[in-house]
Structure formats: C-alpha cells, structure tokens
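One structure is given here, and the rest of the page talks about it.
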Amino acid sequence: MPEVRFYHLTRATLEATLPVMLERVLERGQKAVVQLGSEERAEALSAYLWSYDDSAFLPHGTSKDGNADQQPIWLSAQDEPPPNGAEVLFSADGAETQRVQDYQLCAFLFDGKDEAALAKARERWRTFMAEGFDVTYWRQDDSGRWSKVET
C-alpha cells in the first residue's frame, strides 16, 4: 500500500518547495508525476522549473512537450496511470486523483493560508485514514524545514 503524505505549506510557496522535493526524487533514481489543477498551471510550473535555479536542472515535460514515457518528471492536470512509470505522485492545487495505488508515495501539497485548500486536505486526510493508508502530516517549522507531526 502506498505511503500518503500531506505537506502543509505555511512558510514557502509550491514553487519554492517542489523543486527541492523533485531533486530528491531524482537523486533516489525515481520518477515523478506532478498533478496540478489545470493544464495552464502545469505549463506555468514547467516554465518556472526551467529557470528556478541557474545551477540546477530538472528534466521534465508536459503534454505540450509529449514523449511522457521519456520524462523523469511529468507535469499534468490529468488523473491517469503514470505515463512515465513514476513511483512518486505530487498533487497540488487541489488536483483530484483516483490513482494513489499506482504509486509508492503520494504527496499532497496544500497552501496553509487558503481555507478551502485546508478544508479539502482535511477531507482527504480522513478519507485516506478510513481506507487504511499509511498517512503522515508534515509542516514547516520556523526555519522552513519540514517536520513530521504525530497525529
């Protein structure tokens, strides 16, 4: 059964947080899917990932780029089987997925300043717990580091 993590973004944006997480996935030799709320958001995040750090490179693609099976990181608004064989799913912007079982790890990132996002995350949390998933909650401490919170 996949591990399910919830990341409560309180000190940094998705754009500041996600590249670090994606780098770690690639360092482990894994692939990732980033599922977002819209294709426009996927394209905007793709553009950002090309320029977020002059000294780093995150190979990735979207439906506009094609060749999903060759992309270590795939950004999309579609809820589909991992087109690149990814082991890790990052879900943001409230994107819905019915494909948790397709991954080893599913990370749901949500904006802690957005009441609707908080409510949706709480609802998802209860659903995953009721379904028997290994669910953990992570939040940023004062230094910006992630801390696992015991629930």
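Looking at (1) surrounded by 17 or more Cβ atoms within 10 Å (Cβ to Cβ); (2) assigned to a loop (DSSP other than H, G, I, E, B), can you tell me which one residue 45 breaks?
(2)
So for the range 29-37 (the condition being open to solvent by less than 30 Å² (accessible area, probe 1.4 Å), in a loop (DSSP other than H, G, I, E, B), farther than 23 Å from residue 59 by Cβ and not aromatic (Phe, Trp, Tyr)), does at least one residue qualify?
No, the range 29-37 contains no residue that is open to solvent by less than 30 Å² (accessible area, probe 1.4 Å), in a loop (DSSP other than H, G, I, E, B), farther than 23 Å from residue 59 by Cβ and not aromatic (Phe, Trp, Tyr).
Which condition from (1) assigned to a loop (DSSP other than H, G, I, E, B); (2) touching an Asp or Glu at 6+ places or on another chain (Cβ under 8 Å) is the one that residue 66 breaks?
(2)
Taking the options 100, 149, 88, name whichever one is in contact with a Leu (Cβ under 6 Å, 6 or more places away or on another chain) and over 16 Å from residue 42 (Cα atoms).
Going through 100, 149, 88 in turn, the sole match is 88.
Of all residues being under 17 Å from the mean Cα position of the chain (by Cα) and farther than 18 Å from residue 93 by Cβ in the range 48-67, which is surrounded by the fewest Cβ atoms within 10 Å (Cβ to Cβ)? Just the residue, please.
For the range 48-67, the residue satisfying everything is 59.
Please give the strands (runs of 3 or more DSSP E) falling wholly within the range 84-151 in which 3 or more residues are surrounded by 18 or more Cβ atoms within 10 Å (Cβ to Cβ).
88-91, 105-111
In the range 9-27, is there at least one residue being assigned to a strand (DSSP E or B) and open to solvent by 10 Å² or more (accessible area, probe 1.4 Å)?
yes
The values are calculated or read from the model by the stated rules, or taken from the named source; none is laboratory data. As the structure is a computational prediction, the values presented were derived from the model and not from experiment. In this analysis, Cβ positions are derived from the backbone assuming ideal geometry, glycine residues included, and neighbour counts consider all displayed protein chains. Just so you know, the surface numbers come from the protein's heavy atoms only, side chains and all, with ligands and any DNA or RNA stripped out. Shrake-Rupley method; radii C 1.70, N 1.55, O 1.52, S 1.80 Å.
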